[in-house]
Amino acid sequence: MPSLAIGAGIAVAAIILVFLILNAPNQQDNLVLVPTPEIQGSDHPKITIDTLMKNGSPVLGNENAPVTLVEFGDYQCFYCNKFYHNTEELIVKNYINSGKVKMIFKDYTIIGKDSVSAANAAHCANEQNSFWKYHDILYNNWNGENTGWASAENLLTFAADVGLDGKEFSKCITASKYSSLVTNSNQDAKDLGLTGTPAFFIIGPGKNVTKIGGAQPYNVFEGIFESELK
């Protein structure tokens, strides 16, 4: 890496992620959160802990859980849906409900316009404390990529199914109220070098970070969780 000039007066407390790029979607990378002065003059974006933790969902699980799982996903994505049905339920049952792991979902809307609409709708549901219920109903009604299943009409139906106030929800989705939040989450994904969904980052108690690409089976996540929880 070429030498980088350190700007005068920049706080030493800034945090960046130093990470390796995956060469294949099923590989894992170990990443490290390292205290360091913020660096100027780099050709690469400055990656901070906020890149992983902000612009996403409310936390699922215990806020004080020692391990954090961050998923970047698209509600239209086939493999995101596969992860939801094959793996997420077990993670919730064995690690999130027990207080060992907490989870954050971040949007990476790369498939089509309905991806953006669905993401916005989930954040609208959050106004009524129902983000994760809505997240679940989106994946439980998944019907392919760009097939129209995430139309405005269907999004309203899903809202009724989880007991939301339809009038308030309708105003929110019509105004695309959370479009900036979704756009910012997309930028976070790009800054992290992501090229597809789903992608995961597991942050351990010591701020070590492991990156997982693709809808890997439960045992992959279990192995990393157990290693971090030792």
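Coordinate-derived values only; no laboratory data. Here the structure is a predicted model, which is why all the values come from computation and not from measurement. Please note: Cβ atoms are built from the backbone with ideal geometry, for glycine as well, and neighbour counts cover all protein chains shown.
Numbers below:
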read-out	value
Hz values of 3J(HN,Hα) by residue in region 164-173 - Karplus curve (6.51, -1.76, 1.60), Gly and Pro given as x	7, 6, x, 5, 5, 4, 4, 4, 5, 6
Region 27-229, dipole about Cα centre (Lys/Arg Cβ +1, Asp/Glu Cβ -1), debye to the nearest 20	160 debye
Burial order of peptide ranges 110-120, 95-105 (average beta-carbon count within 10 Å, highest first)	110-120, 95-105
For a label point 7 Å along the Cα-to-beta-carbon line of ASN141, residues of region 166-210 with backbone N under 19 Å	166-178
Derived scalar couplings ³J(HN,Hα) [region 214-222; Karplus, 6.51 cos²θ - 1.76 cosθ + 1.60; whole Hz; x for Gly, Pro]	x, 7, 6, x, 3, 4, 5, 5, 4
Over 18 Å (Cα to Cα) - which of LYS54/LYS93; LYS106/LYS133; LYS113/LYS133; LYS102/LYS207 fall in this group	LYS54/LYS93; LYS113/LYS133
Total formal charge among the other residues, if their Cβ is under 14 angstrom from that of LEU60, Lys/Arg +1 and Asp/Glu -1	0
Computed E for SER176/ASN97 - FRET, C-beta separation, R0 25 angstrom, nearest 0.05	0.15
Contour excess over end-to-end distance, with Cα ends at TYR79 and GLN187 and 0.36 nm allotted per residue	36.8 nm
Neighbourhood charge, 14 Å Cβ-Cβ cut-off, centred on PHE158 and excluding it, Lys, Arg +1 and Asp, Glu -1	-4
Likely footprinting exposure, TYR134, TYR75, TYR139, fewest C-beta neighbours within 10 Å first	TYR139, TYR134, TYR75
Residues with amide H under 5 Å from that of LYS102, placed H, sequence gap 5 or more	VAL67, THR68, LEU69
Estimated FRET transfer efficiency when R0 is 41 angstrom, pair GLU226-SER151 (beta carbons, to 0.05)	0.45
